[in-house]
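Q: First the structure, which I've put down as structure tokens, then a few questions once you've had a look.
The values are calculated or read from the model by the stated rules, or taken from the named source; none is laboratory data. Predicted model only: the values in this text are computed from it and were never measured. Glycine also receives a Cβ, built like all others from the backbone with ideal geometry; neighbour counts cover every protein chain displayed.
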Amino acid sequence: MRYIKCLLAGAVIAVASVTGSSAQDDVTVSIGDLTWTGAKAIAYVIKAVIEGPLDSEAVIVEGLSDGSVIMAGMDKGDGSSDVYTDLWMPNRQGIWDKYIDGAQSVGVNEPYFGTQQMYVPAYMADRVNTVEHLLDPEVAAMFDKDGNGKGEYWAGDAGWKSTRMWQVKFKSYGLTDLWEPEILPDATFKAQLKTAIQREQPILFYYWTPEWIHAAYDIVAIEEPGRTEGCEDLHLDQEDWLEASHYNCATSDASIYVAYSKSLEDRNPAAAKFLSQIKLDPDVVNQWILMVGRDKMDPRDVAEDWVNDNMDIVNGWIN
Amino acid sequence: MPDETDIRKPFVDFAGPNGTYYADTFLSIQKMTLSRFHINVAALVGSFIWAALRGNWALFVISFIVDLITLVNIALVYKYSKAAVDNAEKSYLVERYEGWSQTHMIAAILVFVLGRLIFGWLADRLYAVQYERWRINRKVNSGVVASRLLVALLTFALILPLLLYRTTQFSPEERSCIRQDRAITQGEEVVFKKRFDCYFIGEFPTLFWIDRPDEISYPRGEDGNRIVKRTPPRADAPPVNLNTYTSQAIDDSIGYVTVFYGFLFDGITQILRAMLTAITSVFVGTPWPIMMCVLLYVAYKMAGIRTTIFVGASLVYLALFGFWQTAMDTMSLVVAASLICFIVGLPLGIWVGKSERGKIIVTPILDVMQTIPSFVYLLPAIAFFSIGKPPGILATVIFAMPPMVRLTALGIHQVPENTKEAALAFGANPRQLLTKVEIPLALPSIMAGINQVVMMSLSMVVIAALIGAGGMGYVVTEALENTETGRGVLAGLGIALLAMMIDRVVQKASKARRN
Amino acid sequence: MTQDQSNGVVVTRNVWKIFGDRAAEAMEAVRREDLSKAEVLERFEAVVGVKDVSISVDEGEIFCIMGLSGSGKSTLVRHINRLIEPTSGEILINGENVGNLNAEELRAMRADKIGMVFQSMALLPHRTVRDNIAFALELRNVDAFTRANVAERVIELVSLQGYGDRMPSELSGGMQQRVGLARAMAADPDILLMDEPFSALDPLIRRGLQDEFLELSQRMKKTTLFITHDLDEAIRMGTRIAIMKDGAIVQTGTPEEIVTQPADKYVADFVAGISKLKLIFAHTVMQSVEAYESNGKPLPSFDDCPQASPEDDLDVLVGLAINQENPIVIVSDSKPVGVVTKDALLRGIQGEV
């Protein structure tokens, strides 16, 4: 048996030496695999453009879903990750400051805009549709699932700046005695939302456009006071961010960028040029999101079909 | 001293043709005088044909694999050289394919030369083993038989063509095969090669397509009650495969249950919440000085002074780094989960330990509970038990209960038959047998089970945090989401210290019991 | 056994035990066709453990069941308290059919009437010696005070004073088996089942415990079934001995009967190596005065001859015959009833009588 082991070991080494050589090449564009549908759809469109009209290579690195990790890889510029498909600003101000303004190792395109609001399902809308309503203890009690006297709202996932932003806003609206945040991953929240809507239970949550849940579920945004001078004063990176910040008006539109590693300018100039020029239309992104998230179509098909049908737009990006 | 020819006779009988050579070799193997570099040249050259003729199938497999790997590598060299020529206009592809082709060339030579050498070296040594077996059992292959060669060549002929074809072709993408499948059903002509490639050298083919199931929703009917509404899929919606169809069915049943029987789960959620509230009020509600003293006292009583010092140090760590409340929060979650594991797991374990049927039913369930990725049941748990601590507890229970059942069963199973017999002989009834003999004797194992449960519960707190169970797990996830590595390490260490504290105390306590 | 069996304290009637999934079927076939053990195994994949055993144990006697391992002796004894159910046949204790007891009655009988001692001791390691001894009482819900009293008494009986609060693991093998014995006696049962109780002990300790048990047994007068694989032990302990082979009883009788009149070659081979000095008595080896004189040799006057009684064993006779020309005269009621010559004595030692 000892002999056989020797032989097997030899074979394994030989095979390993073969497969080892098929590691990522320099030209290959590695795209981050962010979890929300918009980011996914954009990732597949970018891949389709690079592999189609640009006739180069791109991979969506499965499981590469952590924003900070993707950015760190882009900063390194070794091809381990090259594209951050859906960079929400100012939600990701920390990343922006560190890599785009600071190290300047990451470039961005021209952004498209998204909105961020609090929502309730339509069947709750006659009871709750403005911030004023949230101040009603009876309303808060309806949303209280764990019986501790405070209503729960989903503020986003741990690590999103918007999560802190909503906590600041609830504080600034004077809602902290009545409401408490739930901080959960998007997937977990979506599961909760689905059940809540199926069972017609009250649920208050942060969401954004473009996303498919607006088409899938009948949901209504909570009206917030209009923006005034000085209504937004955020210091979310401080130790005492909650006390130090203040925000008591509607959220400004988010700018959403595609960020890419500047190392691509050497490794795959055509792709770098494309990524710096890509200009996304929120309506189009929303259309992709619907097909992928709601209609459960294969994102590869969605992306390739769109690219084939809209070569004029794509040509504008790559030339 | 027996005659030299007498000694050699069995070797010659066994080996048949070329008997003298094998007699010499086997003799020197037995005398341990065989040269360290001895190689059977016939085997080296003949490879698997030699092995087949000699009827040594272990050697046959080895040499067969060596030759196959060589051939596959040569095929790959051909494939990539061709690909390099085909993609001549893209310099990066040419570079890549030429690199690969070179690597495979080296691999082919390396495997062939080394493999054959090792095989030649192995051949006589393993053949001697076959001789030893033949001495015991004359049915073991001996001599040289031509019909075995036929088997070998048939195997070769069966495997080689498809394998070589597979390696020289770029395998089709799964998606293009699905498209092709649809095209075929719509009556389009597809060339044989493409069909063949999709069926045999890619992913396992989709054998049948199922019509997309109806969309199911639960609107309110005219009387205000929820009804089931089926919406047929769009006419142009493509059919789906078995996987999609089944997962849709699972989603639909979960949806149906939550809509119409959600109140049942609400009841369970309420019970869990009440239980947790009680436990939390002890751990979190008690002011930290009192709680710390109580924990130290318990540790001292159960496990002695050295463990108490460790527990004290860990508690100080948690307190100093600002984890006290969070840690106590996590403790309550772990205690609640462990309690449920104990209450459910102990009787289950006893059943498994005592009944063969119980074992057959429960063991596979435990295997699934332990190995199924927790995310798979986290989302359904949300559907049934909403967000927060109750589903967190349940998810933890699913993951942490198996060792309780297994170790209880083991303990019960290991109670000596004669001890049980003695108890019966003195008139024990089944309940007395269980409480006075089996459980006390299984106690060390049960304690080990509890220990495992606690440890595994703690390892679940991070995952439970993903569905809003909070506690130390949330600190870790938040820190990692913000790439605050340091904070994550501190919190992670806190979890580890919690686990070690409980582990040391339980272990010491059960050891003290035994002595 | 010709006596009326129902007189015994423990009686088995035609007890069969066949192990295996098809035991009932095999039993039918055995009744019909008188199959051998090997045939049963081959045809029904069933093992004959006990084969048509009928015994009757009298009150107060030590009834030894002797056989090699696999002979079915342990299986047989487990039928008495129904740890094993017979495939066929019945077991009577004090005339009551054990098979008819319901579960609760059976437990009561096990706890109150039958004590059992195991080769493996089978003590409960998590309980003190005292709690082990009082186990049967505890199972019958006897209060703790009474239990402690009873246990203390039995502890004295087996000379374990001062060990009541120790754990079994702190005791030597011999002492552990005393605990086992004490546990069996604690409920003051009528019947003791001893399943090779001394086999696991080393010879010196075994000898001591055998003597102690004999002494105890004479005092307590318990009806005892004593299982052993050691013929020496059986002869030492047994009032009567049953020899088992392949599940069946080959011979039943007093030690002397077994030694002097082995029923078949199997038993004869067994007893061949046994010292007969203590087993054969003068009345077995003596010849009548007339027979002695018919050889033409007149008997010397009684006063010149050593004298012994018919119940003296060979050991005594050998002592008398040393340094003595004359034969030994056996005297009963001061009358000579027989003569033992040196030849007869030597034959007796060989076991040929």
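Q: Return a yes/no flag: does the range B:476-489 have any residue that is in the same structural domain as B:PHE385 (by TED's automatic domain parsing) and in contact (Cβ under 8 Å) with a residue 60 or more places away in the chain.
A: No, the range B:476-489 has no match at all.
Q: A follow-up question, please. So which strands (runs of 3 or more DSSP E) are wholly in the range A:105-156 and hold at least 1 residues that are at pLDDT 90 or above, touching a Phe, Trp or Tyr at 6+ places or on another chain (Cβ under 6 Å) and away from chain B (no Cβ under 14 Å)?
A: Fully inside the range A:105-156 and qualifying: A:106-108, A:112-121.
Q: Still on this model: Within the range B:90-107, identify whether any single residue is more than 30 Å from B:TRP57 (Cα to Cα), of a type in the set (Phe, Trp, Tyr) and either at the interface with chain A (Cβ under 10 Å from one of its Cβ atoms) or not in a helix (DSSP H, G or I) (or both), and answer yes or no.
A: yes
Q: Checking the condition at pLDDT 80 or above, loosely packed, with under 15 Cβ neighbours inside 10 Å and over 24 Å from B:LEU68 (Cβ atoms), which residue from B:PHE208, B:PHE196, B:PHE204 passes?
A: B:PHE208
Q: Give the number of residues within the range B:182-214 that are among the charged types (D, E, K, R), within 14 Å of chain A (Cβ to nearest Cβ) and within 35 Å of the chain's Cα centre (by Cα).
A: Qualifying residue count, the range B:182-214: 1.
Q: Select from the range B:261-275 the residues that are free of Cβ contacts under 8 Å to residues at least 40 places away in the same chain and either small (Gly, Ala, Ser) or more than 9 Å from every other protein chain (Cβ to nearest Cβ) (or both) and list them in ascending order.
A: If the condition is that a residue be free of Cβ contacts under 8 Å to residues at least 40 places away in the same chain and either small (Gly, Ala, Ser) or more than 9 Å from every other protein chain (Cβ to nearest Cβ) (or both), then B:TYR261, B:PHE263, B:LEU264, B:ASP266, B:GLY267, B:ILE271, B:ALA274 are the ones that fit.
Q: Could you tell me whether the range A:241-256 includes any residue that is over 29 Å from A:PHE143 (Cβ atoms), within 17 Å of the chain's Cα centre (by Cα), in a strand (DSSP E or B) and not basic (Lys, Arg)?
A: Yes, the range A:241-256 contains a residue that is over 29 Å from A:PHE143 (Cβ atoms), within 17 Å of the chain's Cα centre (by Cα), in a strand (DSSP E or B) and not basic (Lys, Arg).
Q: Another question, then. Examine the range B:220-240 for a residue that is modelled with pLDDT of 85 or more, exposed (fewer than 12 other Cβ atoms within 10 Å of the Cβ), under 37 Å from the mean Cα position of the chain (by Cα) and within 30 Å of B:PHE385 (Cβ to Cβ), and state whether such a residue exists.
A: no
Q: Could you please let me know if C:ALA111 is touching a residue at least 40 places away in the same chain (Cβ under 8 Å), aliphatic (A, V, I, L, M) and within 24 Å of B:LYS420 (Cβ to Cβ)?
A: Spelling it out, C:ALA111 is indeed touching a residue at least 40 places away in the same chain (Cβ under 8 Å), aliphatic (A, V, I, L, M) and within 24 Å of B:LYS420 (Cβ to Cβ).
Q: Please verify whether the range B:114-131 includes one or more residues that are free of Cβ contacts under 8 Å to residues at least 12 places away in the same chain and away from chain A (no Cβ under 13 Å).
A: no
Q: Also, quick follow-up: Run down C:GLY164, C:GLY180 and say which single residue is within 28 Å of the chain's Cα centre (by Cα) and either within 20 Å of B:GLN432 (Cβ to Cβ) or in a loop (DSSP other than H, G, I, E, B) (or both).
A: It is C:GLY180.
Q: Suppose we filter the range B:84-137 for residues that are under 38 Å from the mean Cα position of the chain (by Cα), surrounded by fewer than 17 Cβ atoms within 10 Å (Cβ to Cβ) and among the polar types (S, T, N, Q); how many remain?
A: Counting residues in the range B:84-137 that are under 38 Å from the mean Cα position of the chain (by Cα), surrounded by fewer than 17 Cβ atoms within 10 Å (Cβ to Cβ) and among the polar types (S, T, N, Q) gives 1.
Q: Can we say C:GLY89 is in contact with a His (Cβ under 9 Å, 6 or more places away or on another chain), at positive phi and more than 10 Å from every other protein chain (Cβ to nearest Cβ)?
A: Yes: the conditions hold for C:GLY89.
Q: Here is a further query. Do we have B:THR308 as outside any helix (DSSP H, G or I) and surrounded by 13 or more Cβ atoms within 10 Å (Cβ to Cβ) here?
A: no
Q: Which residues, counting only those in the range B:289-301, are out of contact with any Ser or Thr (no Cβ under 9 Å at 6 or more places or on another chain) and surrounded by 15 or more Cβ atoms within 10 Å (Cβ to Cβ)?
A: The answer is B:MET291, B:MET292, B:LEU295.
Q: If I filter the range B:208-226 for residues that are without any contact (Cβ under 8 Å) to a residue 24 or more places away in the chain and among the aliphatic types (A, V, I, L, M), do I get at least one hit?
A: Within the range B:208-226, none of the residues are without any contact (Cβ under 8 Å) to a residue 24 or more places away in the chain and among the aliphatic types (A, V, I, L, M).
Q: Now, a different point. Inside the range A:62-80, can you point out the residues that are crowded, with 16+ Cβ neighbours inside 10 Å, more than 12 Å from chain B (Cβ to nearest Cβ) and not in a helix (DSSP H, G or I)?
A: Once the filter is applied, which keeps residues that are crowded, with 16+ Cβ neighbours inside 10 Å, more than 12 Å from chain B (Cβ to nearest Cβ) and not in a helix (DSSP H, G or I), the range A:62-80 yields A:LEU64, A:GLY77, A:GLY79, A:SER80.
Q: Mind checking whether some residue in the range B:419-431 is basic (Lys, Arg) and within 14 Å of chain A (Cβ to nearest Cβ)?
A: No, the range B:419-431 has no match at all.
Q: Moving to a separate point now. Which ranges mark the strands (runs of 3 or more DSSP E) fully within the range C:191-301 that have 2 or more residues being without any contact (Cβ under 8 Å) to a residue 60 or more places away in the chain and in contact with a strand residue (DSSP E or B) (Cβ under 9 Å, 6 or more places away or on another chain)?
A: C:248-253
Q: Is it the case that C:ARG22 is among the basic types (Lys, Arg), in contact with a helix residue (DSSP H, G or I) (Cβ under 6 Å, 6 or more places away or on another chain), modelled with pLDDT under 90 and not assigned by TED's automatic domain parsing to the domain that holds C:ARG236?
A: yes
Q: Can you tell me which residue is modelled with the lowest pLDDT among those in the range B:461-494 that are surrounded by 24 or more Cβ atoms within 10 Å (Cβ to Cβ) and either touching a Cys at 6+ places or on another chain (Cβ under 8 Å) or assigned to a helix (DSSP H, G or I) (or both)?
A: In this case the residue turns out to be B:VAL461.
Q: Consider the range C:146-174. How many of its residues are touching a Pro at 6+ places or on another chain (Cβ under 9 Å) and not polar (S, T, N, Q)?
A: So the answer is 2.
Per-residue answers, yes or no, for (1) assigned to a helix (DSSP H, G or I); (2) assigned by TED's automatic domain parsing to the domain that holds B:LEU59; (3) in contact with a Phe, Trp or Tyr (Cβ under 7 Å, 6 or more places away or on another chain):
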{"residue": "B:ARG8", "(1), (2), (3)": "yes, yes, no"}
{"residue": "B:PRO17", "(1), (2), (3)": "no, yes, no"}
{"residue": "B:THR20", "(1), (2), (3)": "yes, yes, no"}
{"residue": "B:ILE29", "(1), (2), (3)": "yes, yes, no"}
{"residue": "B:MET32", "(1), (2), (3)": "no, yes, no"}
{"residue": "B:ARG36", "(1), (2), (3)": "no, yes, no"}
{"residue": "B:ALA42", "(1), (2), (3)": "yes, yes, yes"}
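Q: Tell me which residues, restricted to the range C:99-130, are more than 10 Å from every other protein chain (Cβ to nearest Cβ) and either among the charged types (D, E, K, R) or assigned to a helix (DSSP H, G or I) (or both).
A: C:GLY99, C:ASN100, C:GLU105, C:VAL129, C:ARG130
Q: Related question: Among the residues of the range B:379-418, write down those that are within 14 Å of chain A (Cβ to nearest Cβ) and surrounded by fewer than 22 Cβ atoms within 10 Å (Cβ to Cβ).
A: B:LEU379, B:PRO380, B:PHE384
Q: Now a separate question. From the list B:PHE342, B:PHE310, B:PHE321, exactly one residue is more than 14 Å from chain A (Cβ to nearest Cβ), within 25 Å of B:THR435 (Cα to Cα) and aromatic (Phe, Trp, Tyr). Which is it?
A: Within the list B:PHE342, B:PHE310, B:PHE321, the selection yields B:PHE342.
Q: With respect to B:THR246, is the statement that it is β-branched (Val, Ile, Thr), under 36 Å from the mean Cα position of the chain (by Cα), at pLDDT below 90 and assigned to a helix (DSSP H, G or I) true?
A: no
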